[in-house]
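Chemist: One structure coming up, written as structure tokens, with questions to follow.
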Amino acid sequence: MLSNKKIILGVSGGIAAYKAVELTRLLTKAGADVHVIMTHAAQEFIAPLTFQTLSANPVHTALFDLIAEQEIGHISLADRADLFIIAPATANIIGKIAAGIADDMLTTTVMATKAPVLFAPAMNVNMYTNPIYQENEEKLRRLGYLFEAPVSGSLACGWEGEGKLAAPETIFDCAVATLTKKDLSGKKVLITAGPTREEIDPVRYISNYSSGKMGYALARAAQRRGAQVLLISGPTSLAKPYGVTVVTVTSANEMQREVMARVDACDVVIKAAAVADYRPELRNSTKIKKKGDSAIISLVKNPDILSELGKMDYGSRPRPFLVGFAAETDALAENAAKKLFEKRLDIIVANDVSKADAGFNVDTNRALLFFKDGSSTDCGLMSKDQLAVTILDHVISRLTEQPGA
Ligand code: C5P
């Protein structure tokens, strides 16, 4: 995801410096070439060796480091960066940069870079709300510097409030989004994810093994590409994707209601949810008691949301680009092609859920993509994150071919 990207990670002196270690791990795992610069105060909290080991690059601590000056130096490091992250960014470092002070390796390199700079502030709540700090942040924002706001919580100083460093995963997501081409900018994308639950009584339900991972990966990937993303999610244990509006639902009927209420202004709809095809005809208001050796639950058909979207009249608006999923255990290609045609889709993503490395509840998928024009492509085994990027590549290339897109 970040291969060929050179990222400078500036670490300034705050207790949250240890979280920059996890951020380094996330960035390097995603393929980035990470160069860490630590302020003098940061080294009081954490040893440079920790970052050096994880980044596999020398850590810069001094402005006039002879080896660094000879081999790269702060100017060439600044020149070669694709992104500059400062996490944690203290009130002091933000104040210095806002005032144009460049008196150490970190501030000098920030001053010299043309790369986007992302600050992740972390400080005491009173420092954070201090008008001097706020004015500095405002000035830097005005000049195009990016900020990932701190979150509320109990702070190391004993205070409660805003000032806690954003989670490393959030800073990572923001970094990836900053480095991603915004080819979905201005587009509204609605994605459904996860299973639905159809209640039998207050303690029982019918559902399936969908984890929501594929839909959430699509939501993250579309957001990074600049889309305005609305994720309508059935019950999952996944964290809300960064920068995405999430609406949670339980049943197929609720999902239908939310989708229909919001589809109008959408350019793309991706239905990755594993919607239950049937629900109990009656939901018992009290727990059904155990009686006899067998029990029969009568089921009725749920609305097929995607079919409705395919057949709906959109009036003067162009129909959204429709992507469906087909989870199959047999006759994959035939079933998928049939669904593409019957539901009037633009693309169907078919996967064989009988395979251990594809479909429900795993991080990888093996998908075949079928297109409206009869063509298809085999994506092979890939991570759900990679598959999300591939699906969006196909959506974008076809979306631009459509009139009115
Ligand atoms: O269940 P089926 O295999 O037909 O699902 C194919 C596609 O249709 C999926 O994208 C799924 O989200 C959607 N679907 C739906 N409403 C249903 C059943 C499926 O939108 N009731």
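Since every read-out is calculated from the coordinates, none of them should be taken as a lab result. As the structure is a prediction and not an experimental result, all values here were calculated from the model. Note: ideal-geometry Cβ built from the backbone for every residue, glycine included; neighbour counts use all protein chains shown.
Chemist: How big is D for the range 129-248, in µm² s⁻¹ as a whole number, if Stokes-Einstein is applied with the Kirkwood radius of its Cα pairs at 10 °C and 1.306 mPa s?
Modeler: This corresponds to a translational diffusion coefficient of 94 µm²/s.
Chemist: Over the range 188-399, what is the relative contact order in whole percent, taking alpha-carbon pairs under 8 Å and six or more residues apart?
Modeler: 20
Chemist: Restricting things to alpha carbons, tell me how big the chain is in terms of Rg and Dmax, in Å.
Modeler: 25.0, 84
Chemist: Follow-up question, since we're still on this one. Under 10 °C and 1.306 mPa s, how fast does the range 256-405 diffuse according to Stokes-Einstein, given a Kirkwood radius computed over C-alpha pairs? Answer in µm²/s, whole number.
Modeler: Calculated translational D: 92 µm²/s.
Chemist: What length, rounded to one decimal in nm, is gained on full extension from residue 372 through to residue 285, with 0.36 nm per residue of separation minus their alpha-carbon distance?
Modeler: Between residue 372 and residue 285, full extension yields 26.9 nm more.
Chemist: Take every Cα-Cα pair in the range 40-186 and report what % of them are more than 27 Å apart.
Modeler: When all Cα pairs of the range 40-186 are counted, 24 percent exceed 27 Å.
Chemist: Which log10 I(q)/I(0) values does the range 201-312 give at q = 0.10, 0.14 Å⁻¹ under the Debye formula, counting every alpha carbon as one identical point scatterer?
Modeler: So the normalised log intensities are -0.37, -0.66.
Chemist: Under a point spin-label approximation (7 Å from Cα along Cα-to-Cβ), what is the residue 397-residue 130 distance to one decimal in nm?
Modeler: My value for the distance between the label points is 5.4 nm.
Chemist: What lysines could a cross-link reach from residue 6, if we take a straight Cα to Cα line under 18 Å and drop same-chain neighbours fewer than 8 places away?
Modeler: Once the sequence-local lysines are set aside, what remains near residue 6 is 29, 114, 181.
Chemist: Need one number: % antiparallel among DSSP beta bridges in the range 188-399, to the nearest 5.
Modeler: About 40 percent, rounded to the nearest 5.
Chemist: Between residue 338 and residue 237, what's the calculated FRET efficiency when r is the beta-carbon distance and R0 is 35 Å? Round to 0.05.
Modeler: 0.60
Chemist: Something else about it: Please report the spacing between the Cα centers of the range 259-320 and the range 133-192 in Å, no decimals.
Modeler: Comparing the Cα centres of the range 259-320 and the range 133-192, I get a distance of 36 Å.
Chemist: Here's something else I'd like to know. What percent does the relative contact order of the range 184-232 come to when contacts are Cα pairs within less than 8 Å and at least six residues apart?
Modeler: 54
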